[in-house]
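This report refers to the structure that appears directly beneath it.
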Amino acid sequence: MASARSFHLFGRAADASTVPMLLVDVLRHDHPIIHCNAAFCSFTGYAEAEVLGRNCRFLQGEDLDQPGSRQLSEAVAQGRAARIMLRNYKRDGTLFYNELNIAPLAGDDGRVSHYFGVLRDVSEQIAIEEQLRELASTDPLTGLLNRRRFEGLVNQEILRSTRYARPMVALMFDLDHFKRVNDNHGHACGDTVLVGFAACLSRGLRVHDICARVGGEEFAAMLPETPIASGLEVAERLRRSVEAMRTPAEGGEIAITTSVGITQLTPWDDSYTSMIERADAALYASKQRGRNRVTVA
(Lines give C-alpha, C1' and ligand atoms only; values in the text may rest on other atoms or scores of the structure.)
Protein backbone atom coordinates (compact mmCIF):
# COMPACT_ATOMS: atom_id res chain seq x y z
CA MET A 1 0.00 0.00 0.00
CA ALA A 2 1.17 3.53 -0.74
CA SER A 3 1.88 5.84 2.19
CA ALA A 4 3.17 9.36 2.67
CA ARG A 5 6.66 7.91 3.00
CA SER A 6 6.14 5.90 -0.20
CA PHE A 7 5.19 9.03 -2.14
CA HIS A 8 8.18 10.85 -0.68
CA LEU A 9 10.47 8.04 -1.85
CA PHE A 10 8.76 8.10 -5.26
CA GLY A 11 9.45 11.79 -5.55
CA ARG A 12 13.12 11.34 -4.74
CA ALA A 13 13.46 8.46 -7.22
CA ALA A 14 11.64 10.38 -9.96
CA ASP A 15 13.81 13.45 -9.42
CA ALA A 16 16.92 11.33 -9.89
CA SER A 17 15.65 9.92 -13.21
CA THR A 18 16.45 11.34 -16.63
CA VAL A 19 13.05 10.11 -17.90
CA PRO A 20 10.11 12.59 -17.76
CA MET A 21 7.70 11.53 -15.00
CA LEU A 22 4.70 12.90 -13.18
CA LEU A 23 2.34 11.95 -10.36
CA VAL A 24 -1.41 12.66 -10.43
CA ASP A 25 -3.90 12.66 -7.54
CA VAL A 26 -7.09 11.02 -8.81
CA LEU A 27 -9.03 11.57 -5.59
CA ARG A 28 -8.97 15.34 -6.01
CA HIS A 29 -11.14 17.29 -8.43
CA ASP A 30 -9.88 17.24 -12.04
CA HIS A 31 -6.98 14.93 -11.14
CA PRO A 32 -4.22 17.53 -10.61
CA ILE A 33 -0.53 16.85 -11.10
CA ILE A 34 1.11 16.90 -7.66
CA HIS A 35 4.66 16.11 -8.71
CA CYS A 36 6.79 16.30 -11.85
CA ASN A 37 10.50 15.67 -12.07
CA ALA A 38 13.22 17.88 -13.51
CA ALA A 39 13.40 15.75 -16.66
CA PHE A 40 9.70 16.48 -17.32
CA CYS A 41 10.27 20.22 -16.98
CA SER A 42 13.41 20.13 -19.10
CA PHE A 43 11.72 18.17 -21.88
CA THR A 44 8.41 20.05 -22.03
CA GLY A 45 9.83 23.51 -21.28
CA TYR A 46 7.35 24.10 -18.44
CA ALA A 47 8.53 25.22 -15.00
CA GLU A 48 7.32 23.14 -12.08
CA ALA A 49 5.08 25.99 -10.87
CA GLU A 50 3.33 25.99 -14.27
CA VAL A 51 2.58 22.27 -14.02
CA LEU A 52 1.54 21.53 -10.44
CA GLY A 53 -2.19 21.67 -9.81
CA ARG A 54 -3.13 21.25 -13.48
CA ASN A 55 -4.73 18.29 -15.22
CA CYS A 56 -2.24 16.65 -17.59
CA ARG A 57 -4.59 17.36 -20.51
CA PHE A 58 -3.02 20.82 -20.70
CA LEU A 59 -0.21 19.16 -22.67
CA GLN A 60 -2.73 18.48 -25.45
CA GLY A 61 -3.42 22.18 -25.98
CA GLU A 62 -6.54 22.49 -28.11
CA ASP A 63 -6.01 19.05 -29.63
CA LEU A 64 -8.31 17.32 -27.15
CA ASP A 65 -10.38 15.19 -29.51
CA GLN A 66 -8.04 12.25 -30.02
CA PRO A 67 -8.36 8.52 -29.28
CA GLY A 68 -5.61 8.60 -26.67
CA SER A 69 -7.55 11.09 -24.56
CA ARG A 70 -10.54 8.76 -24.36
CA GLN A 71 -8.33 5.75 -23.66
CA LEU A 72 -6.62 7.63 -20.82
CA SER A 73 -9.94 8.58 -19.21
CA GLU A 74 -11.22 5.00 -19.49
CA ALA A 75 -8.07 3.52 -17.93
CA VAL A 76 -8.19 5.91 -14.96
CA ALA A 77 -11.92 5.29 -14.46
CA GLN A 78 -11.25 1.53 -14.39
CA GLY A 79 -8.19 1.86 -12.16
CA ARG A 80 -5.86 0.01 -14.51
CA ALA A 81 -2.47 0.52 -16.08
CA ALA A 82 -2.25 1.51 -19.74
CA ARG A 83 0.06 2.51 -22.55
CA ILE A 84 -1.43 5.36 -24.57
CA MET A 85 -0.35 7.38 -27.61
CA LEU A 86 -1.03 11.11 -27.38
CA ARG A 87 -0.26 14.15 -29.48
CA ASN A 88 1.21 16.55 -26.93
CA TYR A 89 2.74 20.00 -27.17
CA LYS A 90 5.72 21.56 -25.44
CA ARG A 91 5.59 25.01 -23.92
CA ASP A 92 6.86 26.58 -27.19
CA GLY A 93 4.10 24.82 -29.17
CA THR A 94 6.28 22.05 -30.59
CA LEU A 95 4.27 18.90 -31.29
CA PHE A 96 5.60 15.62 -29.94
CA TYR A 97 4.11 12.14 -29.95
CA ASN A 98 3.98 10.88 -26.40
CA GLU A 99 3.83 7.18 -25.60
CA LEU A 100 2.44 7.65 -22.09
CA ASN A 101 2.71 4.73 -19.68
CA ILE A 102 0.50 5.07 -16.61
CA ALA A 103 0.20 2.86 -13.52
CA PRO A 104 -2.24 3.12 -10.58
CA LEU A 105 -1.04 3.52 -6.99
CA ALA A 106 -3.33 2.46 -4.14
CA GLY A 107 -3.59 4.26 -0.80
CA ASP A 108 -3.65 2.66 2.63
CA ASP A 109 -7.37 1.92 2.24
CA GLY A 110 -6.83 -0.03 -0.97
CA ARG A 111 -8.35 2.61 -3.23
CA VAL A 112 -6.45 3.87 -6.23
CA SER A 113 -5.45 7.32 -5.12
CA HIS A 114 -2.71 8.32 -7.55
CA TYR A 115 -1.43 7.62 -11.03
CA PHE A 116 2.22 7.50 -11.95
CA GLY A 117 3.00 8.52 -15.54
CA VAL A 118 6.12 8.10 -17.67
CA LEU A 119 6.48 10.09 -20.89
CA ARG A 120 8.34 8.72 -23.90
CA ASP A 121 8.91 10.86 -26.97
CA VAL A 122 8.30 8.67 -30.05
CA SER A 123 8.06 11.51 -32.59
CA GLU A 124 11.00 10.26 -34.66
CA GLN A 125 9.55 6.75 -34.80
CA ILE A 126 6.15 8.11 -35.90
CA ALA A 127 7.81 10.26 -38.58
CA ILE A 128 9.68 7.23 -39.95
CA GLU A 129 6.47 5.15 -40.01
CA GLU A 130 4.65 7.94 -41.86
CA GLN A 131 7.47 8.17 -44.40
CA LEU A 132 7.33 4.41 -44.97
CA ARG A 133 3.56 4.55 -45.46
CA GLU A 134 3.97 7.40 -47.92
CA LEU A 135 6.68 5.55 -49.84
CA ALA A 136 4.42 2.52 -50.07
CA SER A 137 1.65 4.53 -51.70
CA THR A 138 3.42 7.21 -53.75
CA ASP A 139 5.74 7.41 -56.71
CA PRO A 140 9.12 8.56 -55.36
CA LEU A 141 9.95 10.72 -58.39
CA THR A 142 6.76 12.69 -58.93
CA GLY A 143 5.09 12.42 -55.52
CA LEU A 144 1.85 11.27 -57.15
CA LEU A 145 0.08 8.11 -56.07
CA ASN A 146 1.54 4.88 -57.39
CA ARG A 147 -0.48 2.31 -59.34
CA ARG A 148 -1.30 0.14 -56.32
CA ARG A 149 -2.67 2.98 -54.20
CA PHE A 150 -4.48 4.49 -57.18
CA GLU A 151 -6.19 1.19 -57.92
CA GLY A 152 -7.44 0.87 -54.34
CA LEU A 153 -8.87 4.39 -54.26
CA VAL A 154 -10.50 4.00 -57.67
CA ASN A 155 -12.20 0.77 -56.61
CA GLN A 156 -13.62 2.59 -53.58
CA GLU A 157 -14.83 5.43 -55.78
CA ILE A 158 -16.47 3.04 -58.26
CA LEU A 159 -18.45 1.43 -55.42
CA ARG A 160 -19.53 4.84 -54.11
CA SER A 161 -20.46 6.22 -57.54
CA THR A 162 -22.39 3.05 -58.44
CA ARG A 163 -24.27 3.05 -55.15
CA TYR A 164 -25.39 6.66 -55.50
CA ALA A 165 -25.75 6.64 -59.30
CA ARG A 166 -23.17 9.38 -59.78
CA PRO A 167 -21.05 9.83 -62.92
CA MET A 168 -17.29 9.54 -63.01
CA VAL A 169 -14.62 9.39 -65.69
CA ALA A 170 -11.21 7.80 -66.05
CA LEU A 171 -8.35 9.35 -68.02
CA MET A 172 -5.10 7.79 -69.21
CA PHE A 173 -2.13 9.90 -70.34
CA ASP A 174 1.04 8.97 -72.21
CA LEU A 175 3.86 11.40 -72.98
CA ASP A 176 4.41 11.33 -76.72
CA HIS A 177 7.86 10.20 -77.93
CA PHE A 178 9.22 10.33 -74.39
CA LYS A 179 12.01 7.87 -75.27
CA ARG A 180 13.53 10.57 -77.48
CA VAL A 181 13.88 12.85 -74.46
CA ASN A 182 15.87 10.22 -72.57
CA ASP A 183 17.93 9.28 -75.63
CA ASN A 184 18.74 12.86 -76.70
CA HIS A 185 18.97 14.66 -73.36
CA GLY A 186 19.61 11.98 -70.72
CA HIS A 187 17.52 10.40 -68.01
CA ALA A 188 17.99 13.27 -65.57
CA CYS A 189 16.32 15.59 -68.06
CA GLY A 190 13.64 12.96 -68.65
CA ASP A 191 12.95 12.87 -64.92
CA THR A 192 12.55 16.66 -64.92
CA VAL A 193 9.99 16.36 -67.71
CA LEU A 194 8.05 13.72 -65.74
CA VAL A 195 8.05 15.86 -62.59
CA GLY A 196 6.87 18.85 -64.61
CA PHE A 197 4.08 16.84 -66.20
CA ALA A 198 2.97 15.55 -62.79
CA ALA A 199 2.83 19.11 -61.48
CA CYS A 200 0.85 20.23 -64.53
CA LEU A 201 -1.59 17.35 -64.01
CA SER A 202 -2.06 18.14 -60.32
CA ARG A 203 -2.67 21.83 -60.98
CA GLY A 204 -5.29 21.05 -63.60
CA LEU A 205 -7.40 18.79 -61.40
CA ARG A 206 -9.71 19.40 -58.46
CA VAL A 207 -8.68 18.62 -54.90
CA HIS A 208 -10.90 15.54 -54.73
CA ASP A 209 -9.81 14.14 -58.12
CA ILE A 210 -7.35 11.24 -58.02
CA CYS A 211 -4.21 11.12 -60.15
CA ALA A 212 -1.24 8.77 -60.30
CA ARG A 213 1.84 7.71 -62.18
CA VAL A 214 1.01 4.19 -63.30
CA GLY A 215 4.00 3.44 -65.52
CA GLY A 216 7.21 4.92 -66.91
CA GLU A 217 5.61 7.80 -68.83
CA GLU A 218 2.01 6.78 -68.24
CA PHE A 219 -0.29 8.63 -65.88
CA ALA A 220 -3.92 8.20 -64.92
CA ALA A 221 -6.66 10.27 -63.32
CA MET A 222 -10.10 9.51 -61.91
CA LEU A 223 -12.66 12.32 -61.72
CA PRO A 224 -15.56 11.56 -59.35
CA GLU A 225 -18.98 13.12 -59.88
CA THR A 226 -18.01 14.16 -63.41
CA PRO A 227 -20.07 13.53 -66.56
CA ILE A 228 -18.24 12.64 -69.74
CA ALA A 229 -18.76 16.09 -71.31
CA SER A 230 -17.07 17.81 -68.36
CA GLY A 231 -14.36 15.16 -68.35
CA LEU A 232 -13.62 15.90 -72.00
CA GLU A 233 -13.23 19.58 -71.21
CA VAL A 234 -10.75 18.73 -68.44
CA ALA A 235 -8.82 16.34 -70.69
CA GLU A 236 -8.56 18.90 -73.49
CA ARG A 237 -7.48 21.63 -71.09
CA LEU A 238 -4.77 19.38 -69.67
CA ARG A 239 -3.60 18.42 -73.16
CA ARG A 240 -3.20 22.09 -74.07
CA SER A 241 -1.40 22.85 -70.81
CA VAL A 242 1.13 20.10 -71.51
CA GLU A 243 1.56 21.30 -75.09
CA ALA A 244 2.47 24.75 -73.74
CA MET A 245 4.89 23.36 -71.14
CA ARG A 246 8.62 23.92 -71.67
CA THR A 247 11.45 22.15 -69.85
CA PRO A 248 14.92 23.74 -69.79
CA ALA A 249 17.60 21.55 -71.36
CA GLU A 250 21.17 21.97 -72.53
CA GLY A 251 21.06 24.02 -75.69
CA GLY A 252 17.45 25.12 -75.36
CA GLU A 253 14.07 23.91 -74.19
CA ILE A 254 12.10 20.69 -74.56
CA ALA A 255 8.49 20.75 -75.69
CA ILE A 256 6.33 17.68 -75.21
CA THR A 257 2.78 16.60 -75.93
CA THR A 258 0.47 14.02 -74.43
CA SER A 259 -2.04 11.57 -75.83
CA VAL A 260 -5.16 11.07 -73.73
CA GLY A 261 -7.79 8.35 -73.48
CA ILE A 262 -11.02 8.92 -71.58
CA THR A 263 -14.01 6.79 -70.61
CA GLN A 264 -16.99 7.04 -68.28
CA LEU A 265 -18.33 4.72 -65.62
CA THR A 266 -20.92 2.26 -66.94
CA PRO A 267 -23.39 -0.01 -65.08
CA TRP A 268 -21.15 -2.96 -65.97
CA ASP A 269 -18.02 -1.59 -64.31
CA ASP A 270 -17.37 -3.25 -60.99
CA SER A 271 -13.62 -2.66 -60.65
CA TYR A 272 -10.64 -0.56 -61.62
CA THR A 273 -9.65 -3.01 -64.35
CA SER A 274 -12.67 -2.63 -66.61
CA MET A 275 -12.62 1.17 -66.63
CA ILE A 276 -8.87 1.51 -67.02
CA GLU A 277 -8.76 -1.02 -69.84
CA ARG A 278 -11.26 1.09 -71.82
CA ALA A 279 -9.39 4.31 -71.07
CA ASP A 280 -6.14 2.60 -72.08
CA ALA A 281 -7.73 1.46 -75.35
CA ALA A 282 -8.82 5.03 -76.01
CA LEU A 283 -5.27 6.20 -75.25
CA TYR A 284 -3.90 3.72 -77.77
CA ALA A 285 -6.37 5.03 -80.34
CA SER A 286 -5.13 8.60 -79.71
CA LYS A 287 -1.56 7.49 -80.41
CA GLN A 288 -2.65 5.64 -83.56
CA ARG A 289 -4.45 8.74 -84.81
CA GLY A 290 -1.29 10.86 -84.62
CA ARG A 291 -0.83 11.60 -80.87
CA ASN A 292 -1.41 14.85 -79.00
CA ARG A 293 -5.17 14.36 -78.97
CA VAL A 294 -8.03 13.11 -76.75
CA THR A 295 -10.03 10.02 -77.68
CA VAL A 296 -13.20 8.73 -75.98
CA ALA A 297 -13.99 5.06 -75.45
How about region 94-204: which strands (runs of 3 or more DSSP E) wholly inside it have at least 2 residues that are within 27 Å of the chain's Cα centre (by Cα)? 95-106, 168-175
Here is a list: Arg239, Arg246. Which entry is among the basic types (Lys, Arg) and at pLDDT below 95? Arg246
Could you check, for region 259-272, whether at least one of its residues is part of a helix (DSSP H, G or I) and of a type outside the set (Gly, Ala, Ser)? yes
Which residue, of Glu74, Glu99, is without any contact (Cβ under 8 Å) to a residue 40 or more places away in the chain, exposed (fewer than 13 other Cβ atoms within 10 Å of the Cβ) and charged (D, E, K, R)? Glu74
From the options Phe150, Phe178, Phe173, Phe197, residue that is touching a Phe, Trp or Tyr at 6+ places or on another chain (Cβ under 6 Å) and either of a type in the set (Phe, Trp, Tyr) or surrounded by 16 or more Cβ atoms within 10 Å (Cβ to Cβ) (or both): Phe173
Total residues in region 94-112, condition at pLDDT below 90 and not aliphatic (A, V, I, L, M): 5
Quick one: Ser230 ticks every box in (1) part of a helix (DSSP H, G or I); (2) at pLDDT 95 or above; (3) surrounded by 14 or more Cβ atoms within 10 Å (Cβ to Cβ) bar one, so which box is it? (3)
Return yes or no: is Asp63 within 23 Å of Ser123 (Cβ to Cβ), in the same structural domain as Ser123 (by TED's automatic domain parsing), within 26 Å of the chain's Cα centre (by Cα) and surrounded by fewer than 13 Cβ atoms within 10 Å (Cβ to Cβ)? no
Would you call Leu223 out of contact with any Phe, Trp or Tyr (no Cβ under 8 Å at 6 or more places or on another chain), assigned by TED's automatic domain parsing to the domain that holds Thr162 and assigned to a strand (DSSP E or B)? yes
Restricting region 25-43 to residues that are touching a helix residue (DSSP H, G or I) at 6+ places or on another chain (Cβ under 7 Å) and closer than 18 Å to Asp121 by Cα, the residue that is surrounded by the most Cβ atoms within 10 Å (Cβ to Cβ): Cys36
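Residue-wise test of (1) assigned to a loop (DSSP other than H, G, I, E, B); (2) over 35 Å from the mean Cα position of the chain (by Cα); (3) aromatic (Phe, Trp, Tyr).
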{"position": "Ala13", "(1), (2), (3)": "no, yes, no"}
{"position": "Thr18", "(1), (2), (3)": "yes, no, no"}
{"position": "Val24", "(1), (2), (3)": "no, no, no"}
{"position": "His35", "(1), (2), (3)": "no, yes, no"}
{"position": "Cys41", "(1), (2), (3)": "no, no, no"}
{"position": "Gly53", "(1), (2), (3)": "yes, yes, no"}
{"position": "Leu59", "(1), (2), (3)": "no, no, no"}
Between residues in region 120-132 that are in contact (Cβ under 8 Å) with a residue 60 or more places away in the chain and residues that are surrounded by 10 or more Cβ atoms within 10 Å (Cβ to Cβ) and assigned to a helix (DSSP H, G or I), which pairs lie under 9 Å by C-beta distance while being six or more apart or on different chains? Asp121/Phe43
When Ala282 is run through (1) modelled with pLDDT under 95; (2) surrounded by 13 or more Cβ atoms within 10 Å (Cβ to Cβ); (3) within 25 Å of Pro167 (Cα to Cα), the failure sits at (1)
Working only within region 167-220, note down all residues that are basic (Lys, Arg) and in contact (Cβ under 8 Å) with a residue 40 or more places away in the chain. Arg213
I want to confirm something. Restricting to region 115-171 and keeping residues that are in contact with a helix residue (DSSP H, G or I) (Cβ under 9 Å, 6 or more places away or on another chain) and among the small types (Gly, Ala, Ser), which single residue is modelled with the lowest pLDDT? Ala136
Here are Ile262, Ile254, Ile276: which of them is touching a Lys or Arg at 6+ places or on another chain (Cβ under 8 Å) and surrounded by 15 or more Cβ atoms within 10 Å (Cβ to Cβ)? Ile254
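The values are calculated or read from the model by the stated rules, or taken from the named source; none is laboratory data. The model shown is predicted, which means the values in this text are computed figures rather than measured ones. Don't worry about glycine lacking a Cβ; one is built from the backbone with ideal geometry, like all the others, and counts go over all protein chains shown.
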